[in-house]
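Laboratory data are not the source of any read-out in this text; all were calculated from the coordinates shown. Note that the structure is a prediction, hence the values are computed from the model and not measured. FYI the Cβ positions are ideal-geometry reconstructions off the backbone, even for glycines, and counts take in every protein chain you see.
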Amino acid sequence: MMEEDAGTSARREKRFRVQTSEKSDVSMALVQVSSNKCCGGYQKVFEHDSSELKCKMKFAIYLPPKDLVDLYGADVITKAGLTCTEQNFITKAGSQQAAAEHGIILVAPDTSPRGCNIEGEDESWDFGTGAGFYVNATQEPWKTNYRMYAYITEELPRLVNSNFAADAERVGVSGHSMGGHGALICALKNPGKYKSVSAFAPICNPMQCAWGQKAFAGYLGPDKSSWEAYDATVLAGAYSGPALDILIDQGRDDQFLSASQLLPDNLIAACSQSNIPVVFRLQQGYDHSYYFVFSFISDHIKHHAKYLNA
Amino acid sequence: MDLFGGTLDVITEEMTVSDDEDRVEDRPTAFMDKYIENTTMHATGVQATVPVSSFQRFSVDTNESLHFEPFIPEGEENELTPGNDDVFLTENQDESKELMEGRTAQSESDSPDAYCTDCQTPTHAFKKPTGPHKNHRVILMKKAAQEIKNDISKTRSKLEEKITQMENFVSNLEEIFITVEENFGRQEQNLEQHYNDVLQTLAHRYDERASAQEDEKKIKLESLYNQLIGCGKMMDDSKELIEQAQALYRNENKYAFLQRVMPIMKRIEGLAKEEVDLKIATSLEFDVPAADLSDVKQMMDTINAVPAPSAPVMNPQIPNSATCTSLRVCWSLFSDDTVEYYELYSRPIFEDITVESDLEASKVKVKETHYTVTDLLSNAQYEFWVTATNTTGISPASEKAVYMTVPSPPVIKPRECTSCPEAALIRWDSGNTNPVDSYTLELIEMGAESSTSTATESIVAIPTCECLIQLQPGKCYLIYVRAVNIGGPSERSQSFTVSTTGTLFHLMEDTAHPCLSVSEDGFTMFYTDEELPLSEMVFGDNTFARCVAVLGDLIPVRARHYWEVEVDPHTEYRIGVAYEDTQRNAYLGGNNSSWCMRHVLTPSRHKYEFLHNGWSPDIRITSHPLRIGMALDYDKGTLSFFNADLGQHLFTFQCQFLHYVHPCFALDNPGALALKNGIKAPHYVTLV
């Protein structure tokens with residue numbers, strides 16, 4: 001699955017600077033893996049040692065053209081879905097054009113720790129490597145490395161903010177599929193932390209679908225009450241905080257929708273009940289692929305820009 | 001000092017001797033005074049006053065005040081202008097202080113440093129508290145000089161003013177003189193001509209009469225002569241007869257005598273019997289006809305009388321001289337005419353030929369060559385003509401001139417005016433029954449403070465009763481309209497305020513479905529529960545017949561527009577935009593000429609559709625909007641819907657609107673919609 005991390009857009013920074021860690025407890029050393037000019041800005045990939053995940057992690061960051069950053073000056077973070085790496089989003093989603101236009105930095109992390117040599121890590125595509133499900137695992141053997149929730153909500157933003165002078169106050173979150181689940185729970189669990197949130201075909205109610213049940217049971221154990229902390233539908237029912245404007249696009253011909261892995265109706269019902277403003281668009285004829293994401297990514301970037309550049 | 005005094009005295013004497021030399025003498029005198037002033041003299045102030053006072057006397061005596069000023073060297077004037085001191089009589093503490101501080105002279109030997117305005121003499125400041133000027137107003141020399149200079153310049157400007165007035169007066173007099181002279185000359189010429197005429201007439205008359213009498217005389221003489229000849233002949237005949245008779249008488253021969261006497265006797269008897277006409281054949285009296293001098297008399301009379309005036313000339317209407325009920329009519333006379341009064345005739349002209357135009361012309365007596373006719377109809381034509389009258393008679397009537405009253409002010413129709421941040425469409429009623437030439441729209445931008453208004457901008461020659469004007473966003477404008485005809489512009493209409501904060505429009509109530517009622521303010525629509533029988537519904541050509549809908553009158557400007565609608569959660573509605581000619585018997589959104597958001601209540605949920613051409617995307621909205629913002633952007637070709645309370649974007653139609661669209665509002669079940677107008681578009685509408 002893929003997680004898409006919507007990039008944090010750095011406000012006034014012309015060129016990012018690679019810094020040695022300022023905080024002694026966190027290694028901030030970034031190693032640039034690649035850098036390509038794209039839509040007037042730069043698409044870069046960095047590698048670093050993650051303190052949360054205890055392994056080397058890569059993330060992609062799109063830095064929009066400097067003048068536009070100056071003009072708009074807003075920051076966002078995004079995530080990708082099952083099986084994906086940071087590469088999926090940046091190569092397939094076609095997000096850079098819109099991000100460049102609106103001056104938004106896009107940060108796309110990987111979807112799970114990699115190369116941790118945990119037994120069974122690479123056995124299935126929907127659990128372990130590439131399927132971190134954005135939880136902090138509590139069960140052995142995963143609990144040491146599989147702390148994607150902490151990585152996404154704390155370590156990565158800190159890393160980006162300290163190295164790219166992005167505006168920590170203006171961060172949005174978005175994702176596709178498992179990443180959509182990640183985006184929703186990040187926003188719902190941290191009221192006010194993310195100024196904007198959107199999702200493409202998110203796993204809305206993991207407790208009720210096969211993917212979620214498998215992952216949660218593995219990472220969090222059999223106690224279903226502990227699952228609730230990572231289920232968007234449950235979290236939406238209990239949400240209280242600043243009004244969230246959630247934009248969700250869903251392909252109508254999505255095979256996982258018909259396989260009841262995504263369950264958007266449950267989320268919509270929960271949001272209607274707790275009056276969380278959601279615009280859910282069921283897009284006719286689209287499936288779960290990146291072609292679907294590509295088709296609507298600019299709407300989502302605009303959605304984020306509306307709140308981040310406000 | 002003596003020397004100076006002496007010189008001065010001499011000059012003063014010379015002055016009195018010859019006034020003609022005044023100007024010449026001014027210079028040395030003034031020079032002298034200056035010298036006195038500037039030289040460090042061992043003289044007292046009293047001594048110094050001597051020449052000064054004598055100079056004053058001189059200037060007054062010689063009546064040279066007009067010329068005297070230019071010859072006064074600077075710094076001297078203070079001593080030369082007496083008079084105005086009384087202004088300063090009140091003691092001023094500041095002045096005394098200043099005096100004490102500014103003094104320079106320490107002893108009598110120093111030159112005076114102060115000036116007493118009461119005595120008009122220079123003095124010493126240190127002497128002020130004790131000296132003769134103790135109770136006087138003593139000020140520093142410098143200050144005194146300045147004060148007096150000021151006075152002089154005031155006086156000078158007054159004089160200059162007077163001179164100007166005098167000059168004007170003189171030129172007026174000159175004009176009058178010339179006019180009088182001209183008039184006199186003309187009069188003289190006139191008189192001469194008249195007298196010549198009279199003399200000629202008389203001479204002619206004399207010639208006529210003389211020749212007539214001559215003829216008569218000739219006839220009489222001829223007849224007398226004939227009579228004389230006749231008498232002579234008769235006498236000759238008689239004489240011959242007498243001689244024959246005498247000759248016969250003396251004849252001795254009686255026989256012969258007797259023989260011949262009888263015929264002679266007969267002839268004598270005959271002659272004796274013949275009555276001799278001794279009357280003069282012609283009358284000795286000449287027939288003298290009574291001299292008819294009446295025409296001459298008349299001619300003589302007209303010499304003194306002014307001629308009757310000729311017909312005056314009507315002037316064309318002067319622009320801006322008319323109001324909607326009055327006209328200022330002007331005419332002129334020939335300069336030679338003398339007119340006691342004019343009579344101005346006026347008559348309205350009706351373009352409608354059915355109205356009889358032989359209305360009585362009204363007449364008014366006027367002394368001047370202009371008159372303001374009042375109580376007229378607005379925007380109407382009147383014809384005027386005028387006659388001039390003096391003691392001699394009345395002139396022929398002038399040509400007729402047509403004047404026109406200005407129109408009544410138009411009436412702006414606020415309900416039909418619409419605006420957006422870039423423009424406003426103003427509509428108005430003519431205010432006049434008959435057509436006017438054009439309209440003028442005046443535009444005043446209100447300043448930051450509502451009281452201060454900046455310059456007026458005018459748009460002229462507007463042919464119809466509406467005008468689209470370009471405006472600046474975020475401002476407030478006052479708008480007036482005037483109607484214009486050849487008579488000029490009308491008064492301003494009532495003002496109309498346009499605020500370019502947001503888009504403002506009214507509902508086109510003529511499009512409303514019969515079941516849809518609109519509140520008094522025009523911004524709330526109701527679909528009431530009461531069932532209206534179909535027979536009672538009145539459908540016009542323009543009313544929606546199926547959908548309980550109404551259109552809004554959006555300004556036809558291809559810009560960005562934003563408006564909001566407040567809805568009730570239980571109301572089913574369709575709101576959006578439609579082309580003006582959208583089918584009236586179709587549902588909004590069901591065709592390709594309307595775009596709308598539809599709210600449907602199903603037993604399980606609220607359903608929102610974004611309908612165009614009968615199709616809607618499948619969109620779920622979890623938070624039911626109660627205030628819906630609609631943003632129309634012609635350039636981008638978008639119509640976006642927002643939950644305005646949250647700033648949440650709901651949906652955007654992408655469509656290049658080929659024509660102007662109008663907001664549309666429809667109710668699918670009984671309820672109400674409230675239109676919110678003139679709202680500044682939220683920043684986020686541009687971000688979708």
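In whole angstrom, how far apart do the alpha carbon centroids of segment A:238-293 and segment B:234-288 sit? Going from one Cα centre to the other spans 178 Å.
Could you put A:T153, B:T497 in order, starting from the residue whose Cβ has the fewest other Cβ atoms within 10 Å? Show your work: numbers first, answer last.
On the way: A:T153 23, B:T497 12.
Lowest to highest Cβ neighbour count: B:T497, A:T153.
Quick one: which of B:K97/B:K134; B:K134/B:K154; A:K66/A:K302 span more than 23 angstrom between C-alpha atoms? Distance filter (> 23 Å) returns B:K134/B:K154. Counting only Cα atoms, the size of segment A:35-308 along its three principal axes is 51, 42, 35 Å, in decreasing order.
With a cut-off of 13 Å between beta carbons, the residues surrounding B:G647 carry a summed charge of 0, where Lys and Arg count +1 and Asp and Glu -1. Would you list which lysines come within 17 Å of B:K680, measuring only between C-alpha atoms, while excluding same-chain residues fewer than 8 positions from it? Within reach: B:K475.
Pick out, in residue order, every one of the chymotrypsin sites (Phe, Trp or Tyr not before Pro) in segment B:231-323 that is DSSP loop and has at most 16 other C-beta atoms within 10 Å; say none if there are none. Hits after loop and neighbour filter: B:F286.
Taking a straight Cα-Cα cut-off under 22 Å and skipping sequence neighbours fewer than 8 places away in the same chain, the lysines within cross-link reach of B:K400 are B:K363, B:K365, B:K367.
How big is the dipole moment of segment A:35-308 about its Cα centre under a simple scheme where the beta carbon of each Lys and Arg is +1, that of each Asp and Glu is -1, and everything else is neutral? Debye, nearest 20, please. Please report the intermediate quantities before stating the final value.
Details: 22 positive and 29 negative charges, 85 e Å.
The dipole of segment A:35-308 has a size of about 400 debye.
DSSP loop (so not H, G, I, E, B), at most 16 other Cβ within 10 Å: list which GluC sites (Glu not before Pro) in segment B:500-562 pass both filters.
On the way: sites: B:E509, B:E520, B:E530, B:E531, B:E536; in loops: B:E520, B:E530, B:E531.
Qualifying residues, ordered by number: B:E520, B:E530, B:E531.
Here's the list of lysines a cross-link from B:K266 could span, going by alpha-carbon distance under 21 Å and ignoring same-chain residues fewer than 8 apart: B:K233, B:K239, B:K254.
Counting every other Cβ atom within 10 Å of each residue's Cβ, A:K302, A:K56, B:K158 order from fewest to most as B:K158, A:K56, A:K302.
Magnitude of the charge dipole for segment B:455-560, about its Cα centre and with charges confined to Cβ atoms of Lys, Arg (+1) and Asp, Glu (-1), is about 800 debye. The order of A:S174, B:S332, A:S240, going from fewest to most other C-beta atoms within 10 Å of their C-beta, is A:S240, B:S332, A:S174. Counting only Cβ charges, +1 for Lys and Arg and -1 for Asp and Glu, the dipole size of segment A:146-258 around its Cα centre is about 160 debye. With 29 Å as the limit on Cα-Cα distance, the pairs of A:K189/B:K676; A:K37/A:K306; B:K128/B:K149; A:K224/A:K306; A:K189/A:K214 that go past it are A:K189/B:K676; A:K224/A:K306. Counting Lys +1, Arg +1, Asp -1, Glu -1, what net charge surrounds B:T602 among other residues with beta carbon under 15 Å of its beta carbon? Around B:T602, the charge tally is -1.
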